[in-house]
Amino acid sequence: MTDREAILQRHSVRVYEDRRIDKDTVGLIEEKIKELNNEGNLNLQFIEDAGKTYNKLMNRAMGLGSAPSVIACVGKDTDDLDERVGYYGEKLVLYLQKLGLNTCWTGTFNRKNTGAEVAGDERLVICIAAGYGKDGGRPRKSKSAEQVTAGKKDRPKWFNDGVELALLAPTAINQQKFTIRLNDDDTVEFIDNGGVLSRVDLGIVKCHFEIGADKVEKEENR
């Protein structure tokens, strides 16, 4: 499965089967996390037993209490931490999708019960529920490309394909509060329009856009 295929297949899942992630798969996840932590200067942590991370009433009502495992998105508390968490966290989410797992980005959770190790100069930004979903999730409503783009009107195919996948990026409460601007010199600018966890969202959007745009460039260069 390619990254593009993983994006097209993946939807947020909140209700999980009552079974643990198998040991071989856990090993692959932990290796991928080491790689992404090195690339993104992060401290993403796979916690095999989600325990009471999702014991809040809202989480239980949504079904998240059934998630067997959780990924704690931790890093040094810098200005760009949220965006890096979104970018590299989504790379991990897509990798888990390829492994046959389901996920859900979660901004609401019990911070005291995650089991994450957070140093004094670090911050726990968000968590990702992970496990075998009872279903594959459902598509959500989305804005149009015209609603999230700006700048140059004559847009190349690579840009349009990048926007197509960016519109499939999960965002907090499906707010999609971002703008992707194509400048006259064909550089791309990602604009945060504010909102809950919008900087995390912007990192996820960048990840999706790059996958879409890179796919087209490779096709055109054959």
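The values are calculated or read from the model by the stated rules, or taken from the named source; none is laboratory data. These figures come from a predicted structure and were not determined experimentally. Here Cβ is always computed from backbone atoms with ideal geometry, including for glycine, and neighbour counts include all displayed protein chains.
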I need a count of the residues in the range 66-91 that are closer than 21 Å to Val26 by Cα and part of a loop (DSSP other than H, G, I, E, B). 2
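Considering Gly27, Gly51, Gly89, Gly65, which residue is within 20 Å of Thr171 (Cβ to Cβ) and small (Gly, Ala, Ser)? Step through it out loud before you land on a result.
Values: Gly27 fails: within 20 Å of Thr171 (Cβ to Cβ); Gly51 fails: within 20 Å of Thr171 (Cβ to Cβ); Gly65 fails: within 20 Å of Thr171 (Cβ to Cβ).
Answer to the check: Gly89.
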Val13 vs (1) of a type in the set (A, V, I, L, M, F, W, C); (2) touching a helix residue (DSSP H, G or I) at 6+ places or on another chain (Cβ under 8 Å); (3) part of a loop (DSSP other than H, G, I, E, B); (4) closer than 17 Å to Gly137 by Cβ: all pass except (2)
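Residues checked against (1) small (Gly, Ala, Ser); (2) surrounded by 16 or more Cβ atoms within 10 Å (Cβ to Cβ); (3) touching a residue at least 60 places away in the same chain (Cβ under 8 Å); (4) assigned to a loop (DSSP other than H, G, I, E, B):
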position: Gly120; (1), (2), (3), (4): yes, no, no, yes
position: Ile128; (1), (2), (3), (4): no, yes, no, no
position: Ser142; (1), (2), (3), (4): yes, no, no, yes
position: Asp154; (1), (2), (3), (4): no, no, no, yes
position: Asn160; (1), (2), (3), (4): no, no, no, no
position: Glu164; (1), (2), (3), (4): no, yes, no, no
position: Glu189; (1), (2), (3), (4): no, no, no, no
Would you confirm whether any residue within the range 57-65 is of a type outside the set (Gly, Ala, Ser), in a loop (DSSP other than H, G, I, E, B) and more than 16 Å from Tyr95 (Cα to Cα)? no
Here are some conditions: (1) at pLDDT below 95; (2) under 21 Å from Ile173 (Cα atoms). Asn113 meets all but one. Which one does it not meet? (2)
Determine which member of the set Leu124, Leu168 is assigned to a strand (DSSP E or B), touching a residue at least 40 places away in the same chain (Cβ under 8 Å) and surrounded by 15 or more Cβ atoms within 10 Å (Cβ to Cβ). Leu124
Based on this model, can you work out whether Val26 counts as at pLDDT 95 or above, in contact with a strand residue (DSSP E or B) (Cβ under 9 Å, 6 or more places away or on another chain), assigned to a helix (DSSP H, G or I) and farther than 18 Å from Ser198 by Cα? yes
